[in-house]
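The values are calculated or read from the model by the stated rules, or taken from the named source; none is laboratory data. Everything numeric in this text was worked out from a predicted model, so none of it was measured. In this analysis, Cβ positions are derived from the backbone assuming ideal geometry, glycine residues included, and neighbour counts consider all displayed protein chains.
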Amino acid sequence: MSARMALPALTVSALLAACAGSAQHQKTPQHAATFSPPATVASTAPASTAPAPPAPSPEALVTAETENRVLVVALPSGRVVRWIPLPADPQDISAGSDTVVVASAAAGKVTMLAGAPLRPVKTLGGFGAPHIVAVADDHAYVTDDARGTLTTIDLRTRRETSTVFVGAGAHHLSFDASRRIAWVALGESADTIVILSTEDPGRPRLIGRFDPGFRAHDLAFAPGGRQIWITSADGRDVAAFGVMSEKPLFRVPVGPPPQHVIFDGSHAYLTSGYGATIEKVDAASGRILTRAPAPFGSFELAGDSRYVVTSSLLRGTLAIYTAGLRLLRVVHLAPATREVAFSPPA
């Protein structure tokens, strides 16, 4: 969600601002080197049987916009381990390899968090209403729907490198790293998606437009960049399109709009906040593998190979699942929990 609203008197039109950024998690294969000693030499070194240390459990970062803070939540316990104060109305959040970026819409500011533990390291102002943040290629990209712009921030220097006008209502966005392009939906209920080249990551340039044939809300490239999934602002299905052909491939029934989507490997996870559901879907075919209930108003989500979480704006909760969507617990965190991301590894 990204439009500010009075709680609990929320309208359907205002709630179309339930926004999520997308993240992909890739594992680097490891190849063990082997050595065979000469026949005349006895090999006496025992084989190593010590298991590799387990990866640290991730932490969920949840924007509590009415409290002007980000909550750091341990997984899978759901315990709030600390909180980070931010400029007024923190809404969207996106995590890179070592930097987290948060957009505070009412304050017109974007804050970068880094370090262990995470802390604010730089705040940029001068925005109209920064709403959606995505991190790619060591850069943060911020849409400002009040000004219709896309701003690029170099996370290495923590400086703004460009601001380009893309169209009124610039909102959700997604990146295809393989082809170096970005798609930006013009509005929470968008008739048009603009396409930008990110060949120069610091200075995107507009190269085209796409009409999905329905009012679009969220969008995300599937791993490999051959498909882009576009969620609906007025229908119950999520549509997958071929990126090169721009032709529809299949639709996935999810529930009342708007829906949101993330990818983890060969799987997609989809939410319907008003339908109070979350789905795990085969990314290649769109086949629904698992469907589970979620707290009402659970729009935003994040996940990896171990856990999937979804935050409910309307209930102020975080629901924690296994990757197979077995519900572990639901914890109440704040009056309004809007966006969620996983913290970068320490």
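Output yes when any residue across the range 300-320 is under 24 Å from A74 (Cβ atoms), modelled with pLDDT of 95 or more, surrounded by 20 or more Cβ atoms within 10 Å (Cβ to Cβ) and aromatic (F, W, Y), and no when none is. No, that holds for no residue. Does at least one position in the range 216-234 carry a residue that is hydroxyl-bearing (S, T, Y), free of Cβ contacts under 8 Å to residues at least 60 places away in the same chain and touching an Asp or Glu at 6+ places or on another chain (Cβ under 8 Å)? Looking through the range 216-234, at least one residue is hydroxyl-bearing (S, T, Y), free of Cβ contacts under 8 Å to residues at least 60 places away in the same chain and touching an Asp or Glu at 6+ places or on another chain (Cβ under 8 Å). Only one of these conditions is not met by G273: (1) within 25 Å of A323 (Cβ to Cβ); (2) small (G, A, S); (3) surrounded by fewer than 23 Cβ atoms within 10 Å (Cβ to Cβ). Which number is it? Tallying (1) within 25 Å of A323 (Cβ to Cβ); (2) small (G, A, S); (3) surrounded by fewer than 23 Cβ atoms within 10 Å (Cβ to Cβ), G273 fails exactly one: (3).
Looking at (1) assigned to a strand (DSSP E or B); (2) in contact with a helix residue (DSSP H, G or I) (Cβ under 9 Å, 6 or more places away or on another chain), which is the only condition A334 fails? All conditions pass for A334, except number (1).
Could you identify the single residue in R236, R159 that is under 21 Å from V101 (Cα atoms), surrounded by fewer than 17 Cβ atoms within 10 Å (Cβ to Cβ) and basic (K, R)? Can you show your working first?
Values: R236 fails: under 21 Å from V101 (Cα atoms).
None of the others qualify; the one that does is R159.
For the range 23-128, the strands (runs of 3 or more DSSP E) that sit wholly inside it and include 1 or more residues that are modelled with pLDDT of 95 or more and in contact with a helix residue (DSSP H, G or I) (Cβ under 9 Å, 6 or more places away or on another chain) are 80-85, 90-95, 99-104.
Give the residue, chosen from V261, V238, that is of a type in the set (V, I, T) and closer than 26 Å to P345 by Cα. Steps first, answer last, please.
Working: V238 fails: closer than 26 Å to P345 by Cα.
Matching residue, one of V261, V238: V261.
Restricting to the range 208-225, give me the number of residues that are surrounded by fewer than 16 Cβ atoms within 10 Å (Cβ to Cβ) and more than 17 Å from G242 (Cβ to Cβ). Total satisfying the criteria: 0. For the range 241-277, a residue qualifies if it is touching a Pro at 6+ places or on another chain (Cβ under 8 Å), in contact (Cβ under 8 Å) with a residue 40 or more places away in the chain and either basic (K, R) or not in a loop (DSSP other than H, G, I, E, B) (or both), and exactly one does: F263. Quick one: would you say E279 is among the acidic types (D, E) and over 20 Å from V62 (Cβ atoms)? When the stated conditions are applied, E279 passes them. Among the residues of the range 174-196 satisfying the criterion of being modelled with pLDDT of 95 or more and in a loop (DSSP other than H, G, I, E, B), which is nearest to the chain's Cα centre (by Cα)? In this case the residue turns out to be E188. Residue by residue through the range 278-299, note down the ones that are aliphatic (A, V, I, L, M), in a strand (DSSP E or B) and crowded, with 20+ Cβ neighbours inside 10 Å. Result: I278, V281.
Quick check: anything in the range 328-338 buried (at least 21 other Cβ atoms within 10 Å of the Cβ), under 16 Å from the mean Cα position of the chain (by Cα), under 26 Å from E67 (Cβ atoms) and of a type outside the set (F, W, Y)?
Within the range 328-338, the subset buried (at least 21 other Cβ atoms within 10 Å of the Cβ) is 333, 336-338.
Subset that is under 16 Å from the mean Cα position of the chain (by Cα): 337-338.
Pick out the ones that are also under 26 Å from E67 (Cβ atoms) and you get 337-338.
With the extra rule that they be of a type outside the set (F, W, Y), the set shrinks to 337-338.
Taking every residue of the range 328-338 in turn, at least one turns out to be buried (at least 21 other Cβ atoms within 10 Å of the Cβ), under 16 Å from the mean Cα position of the chain (by Cα), under 26 Å from E67 (Cβ atoms) and of a type outside the set (F, W, Y).
The numbered conditions (1) modelled with pLDDT under 95; (2) farther than 22 Å from G224 by Cα are all true for F296 except (1). One residue stands out among those in the range 162-202 that are more than 23 Å from P90 (Cα to Cα) and charged (D, E, K, R): the one that is surrounded by the most Cβ atoms within 10 Å (Cβ to Cβ), which is D176.
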